[in-house]
1. What do you reckon, how do Trp46, Trp26 stack up by accessible area (1.4 Å probe), largest on top?
2. Of all the accessible heavy-atom surface of the chain, with the other protein chains kept in place and a 1.4 Å probe, what percent is carbon and sulfur?
3. With a 1.4 Å probe and all protein chains kept in place, how much accessible area does His38 have, in Å² rounded to the nearest 10?
4. Going by amide H atoms built from the backbone, whose H comes under 5 Å of the H on Glu135, apart from near neighbours?
5. Within region 72-158, report the trypsin sites (Lys or Arg not before Pro) that DSSP leaves as loop and that have at most 12 other Cβ atoms within 10 Å.
6. Say the dipole of region 1-144 comes from +1 at the beta carbon of Lys and Arg and -1 at that of Asp and Glu; which of Tyr63, Gly103, Ser4 then lies farthest toward its positive end?
7. Name all residues of region 164-193 having a backbone nitrogen under 16 Å from the label point set 7 Å from the Cα of Arg204 along its Cα→Cβ direction, giving them as ranges.
8. What does the helix-only formula give at 222 nm for the chain: each DSSP H stretch with n ≥ 4 adding -39500 (n - 2.57), the total divided by the residues, and the result rounded to the nearest 500 deg cm²/dmol?
Amino acid sequence: MSDSLSPENTTFTRLQLDRFYEAIQWLKEHHLAPGKTHIQASYGIWNLPPQPCSLARAGIALYGVCSDDSPTARTLDLKPVLSLRARVTCVRTLAPGEGAGYGLAFRADQPRQLAVVAIGYADGLPRSLPQQGGEVLLHGMRCPMVGRMCMDQLLVDVTGLPGVTPGDAATPIGTDGQQQICAEDIARQCGTITNEILSRLGARLPIITTE
């Protein structure tokens, strides 16, 4: 319960700690080596004082994000280390009344320009994200996802954004220019935590590391 700072949950966390160390002591008294011990995950590191353990198991903190918007005990200068990018594969103009995507879920109410981005729910993005206000960054601007997300494609409304062409990089998570979309933003839109959003990102996605 170390991810909550409420008095009730803090008391329960203290009880968990006491029972953990009692178990460790029992093992030692019975000449059973407990080995290396750890009890702190990311929020335990943030919200608990240093513990007499061998290790700490940081998880979501390694990404430089929090699980959700709940306050932590300390003000942490976390910086996200993960960005998610995909390429625009084509750009099409729709006339008023024309539809796009599965079930023609998107209907143009006026001339609209849509970009197809090569990423979808098979890559780990929540399929409901377009209906929850999902966006990508293109040319430093926020562009809304529209229609139904496909397995490996999604539609983005780039109407009024000049110069979008195949090969451009779209950013569902990360920074482009002065704009940023955080994993916490997507988690909030989809009613979950960043741990789920980031752990869904699949093996189909190539990993590029930078210094």
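The values are calculated or read from the model by the stated rules, or taken from the named source; none is laboratory data. Not measured: the values here are computed from a predicted model. As a convention, Cβ positions derive from the backbone with ideal geometry for all residues, glycine included, and neighbour counts pool all protein chains shown. Accessible surface areas use protein heavy atoms only, side chains included; no ligands, DNA or RNA. Shrake-Rupley method; radii C 1.70, N 1.55, O 1.52, S 1.80 Å.
1. The ranking, largest first, comes out as Trp26, Trp46.
2. Using a 1.4 Å probe with all protein chains present, the chain comes out at 54 percent carbon and sulfur.
3. Result for His38: roughly 80 Å² accessible.
4. It is Met145, by chain and number.
5. Arg74
6. Sorting the options by dipole projection puts first Gly103.
7. It comes to 172, nothing else.
8. Only helices count here, giving -6500 deg cm²/dmol.
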